[in-house]
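The values are calculated or read from the model by the stated rules, or taken from the named source; none is laboratory data. Computed from a prediction, not measured in an experiment: that's the story for all the values here. Glycine also receives a Cβ, built like all others from the backbone with ideal geometry; neighbour counts cover every protein chain displayed.
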């Protein structure tokens, strides 16, 4: 009998119950054996729904980490605790999946990456948009070289009125920022991954707190409290890479625009281009004519070996657990997400100083 991977979850809130736990519970190789939350009732509720018989619950993650039988920890807490919990879990001999963004600051992200290297344990970050069918297809296109050298790209993360009003999303101290660190991080991760370019040279950034001061009844999740809205409502970055490539990053929870898209990118290369804005489209020139090819993909998920259809989070969870079983690199690698955090931090810093931020 194959021994199952014993998984625990720290932070039993929305992202754990909405993504991690449902997907992990579908995997035959996994047993979810421990749950931790500062509100004990949340841990108990998650345990009753997703835990194996005898699953344990904790209020303090340090007690959970003392259980030597646990193989994997999923960190689903606010951004300001990602580094502390992840480093402690790695040093306790656990593999770690941490929700995005990797950390609140670059320094914290470096501590996490260094801990993974020092302990030899696997670390990955929950950038689940890499596992969408359109993302997987476009990545294969880019890897094959169909677009040539990608030298211009846009990372899209724009909402018209969709400010998250629950949890700690509006709390700068706990999150480190607003839409840039929340949804802009997904768009930037996708873009860098498609380009396979992780060497930034400089960043210029602008950050706005314009609509957060209004109590807006048209918001998708109800009106927000302007007094609690301590993060930006929009942020934009102009990024140049060492090889001369340019990336424009746009992120907003609330913007007066009809050009709305999230966790998407547009790419322009020497041999062709692509965008995800109206389905997946590839464009180029052939035999003296310009063409646009619309790629038909199954929007419901992708089928795997036994014929089942997986959602994006299901694919993410399965490949993560397989990387542990097979001792291979996870799809989302620590050093890649470190660069994402460095760029996001540089956008915030540039907005404060009004000057470009240059990387060593």
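Does the stretch 203-220 include one or more residues that are under 21 Å from residue 152 (Cβ atoms) and surrounded by fewer than 15 Cβ atoms within 10 Å (Cβ to Cβ)?
Yes, because at least one residue in the stretch 203-220 is under 21 Å from residue 152 (Cβ atoms) and surrounded by fewer than 15 Cβ atoms within 10 Å (Cβ to Cβ).
Note on the stretch 236-269: residues that are at positive phi and under 18 Å from the mean Cα position of the chain (by Cα) amount to 1. Only residues that are crowded, with 19+ Cβ neighbours inside 10 Å and assigned to a loop (DSSP other than H, G, I, E, B) were counted in the stretch 57-82, giving 4. Before we move on, is residue 268 under 18 Å from residue 158 (Cβ atoms) and in contact with a strand residue (DSSP E or B) (Cβ under 9 Å, 6 or more places away or on another chain)? For residue 268, the condition - under 18 Å from residue 158 (Cβ atoms) and in contact with a strand residue (DSSP E or B) (Cβ under 9 Å, 6 or more places away or on another chain) - is not met.
Consider residue 132 carefully, then state whether it is crowded, with 16+ Cβ neighbours inside 10 Å and closer than 30 Å to residue 5 by Cβ. Walk me through it before giving the result.
Values: crowded, with 16+ Cβ neighbours inside 10 Å: yes; closer than 30 Å to residue 5 by Cβ: yes.
Judged against the criteria, residue 132 is a match.
In the stretch 1-26, the qualifying residues are those that are in contact with a strand residue (DSSP E or B) (Cβ under 8 Å, 6 or more places away or on another chain) and in a loop (DSSP other than H, G, I, E, B), and the one that is farthest from residue 86 (Cα to Cα) is 4. Regarding the stretch 241-255, can at least one residue be identified that is in contact (Cβ under 8 Å) with a residue 24 or more places away in the chain, more than 25 Å from residue 177 (Cβ to Cβ) and in a strand (DSSP E or B)? Looking through the stretch 241-255, none of the residues is in contact (Cβ under 8 Å) with a residue 24 or more places away in the chain, more than 25 Å from residue 177 (Cβ to Cβ) and in a strand (DSSP E or B).
Selection of the stretch 95-127 for residues being touching a residue at least 60 places away in the same chain (Cβ under 8 Å), surrounded by 24 or more Cβ atoms within 10 Å (Cβ to Cβ) and closer than 18 Å to residue 34 by Cα yields 95, 97.
Each residue in the stretch 270-292 was checked for being on the phi < 0 side of the Ramachandran plot, exposed (fewer than 14 other Cβ atoms within 10 Å of the Cβ) and in a loop (DSSP other than H, G, I, E, B), and 3 pass.
Note on the stretch 30-46: residues that are in a helix (DSSP H, G or I) and in contact (Cβ under 8 Å) with a residue 24 or more places away in the chain amount to 4.
Taken as a whole, the stretch 83-91 holds no residue that is part of a helix (DSSP H, G or I), touching a residue at least 60 places away in the same chain (Cβ under 8 Å) and surrounded by fewer than 21 Cβ atoms within 10 Å (Cβ to Cβ). Count of the stretch 21-56 residues, restricted to those that are touching a helix residue (DSSP H, G or I) at 6+ places or on another chain (Cβ under 8 Å) and buried (at least 16 other Cβ atoms within 10 Å of the Cβ), is 16.
Can you say whether residue 332 is part of a loop (DSSP other than H, G, I, E, B), modelled with pLDDT of 95 or more, surrounded by 21 or more Cβ atoms within 10 Å (Cβ to Cβ) and outside the structural domain of residue 194 (by TED's automatic domain parsing), as far as the supplied structure shows? Yes; evaluated as a whole, the condition is true for this residue. Selection over the stretch 298-317 of residues that are modelled with pLDDT of 65 or more, touching a strand residue (DSSP E or B) at 6+ places or on another chain (Cβ under 7 Å) and more than 17 Å from residue 139 (Cα to Cα) gives a count of 2.
Scan the stretch 239-246 and tell me whether some residue there is within 18 Å of residue 348 (Cβ to Cβ) and either assigned by TED's automatic domain parsing to the domain that holds residue 138 or touching a strand residue (DSSP E or B) at 6+ places or on another chain (Cβ under 6 Å) (or both). I'd like the intermediate steps shown before the answer.
In the first step, residues of the stretch 239-246 are kept if they are within 18 Å of residue 348 (Cβ to Cβ); the result is 239-240.
Checking which are either assigned by TED's automatic domain parsing to the domain that holds residue 138 or touching a strand residue (DSSP E or B) at 6+ places or on another chain (Cβ under 6 Å) (or both) leaves us with 239-240.
Yes, there is a match, as at least one residue in the stretch 239-246 is within 18 Å of residue 348 (Cβ to Cβ) and either assigned by TED's automatic domain parsing to the domain that holds residue 138 or touching a strand residue (DSSP E or B) at 6+ places or on another chain (Cβ under 6 Å) (or both).
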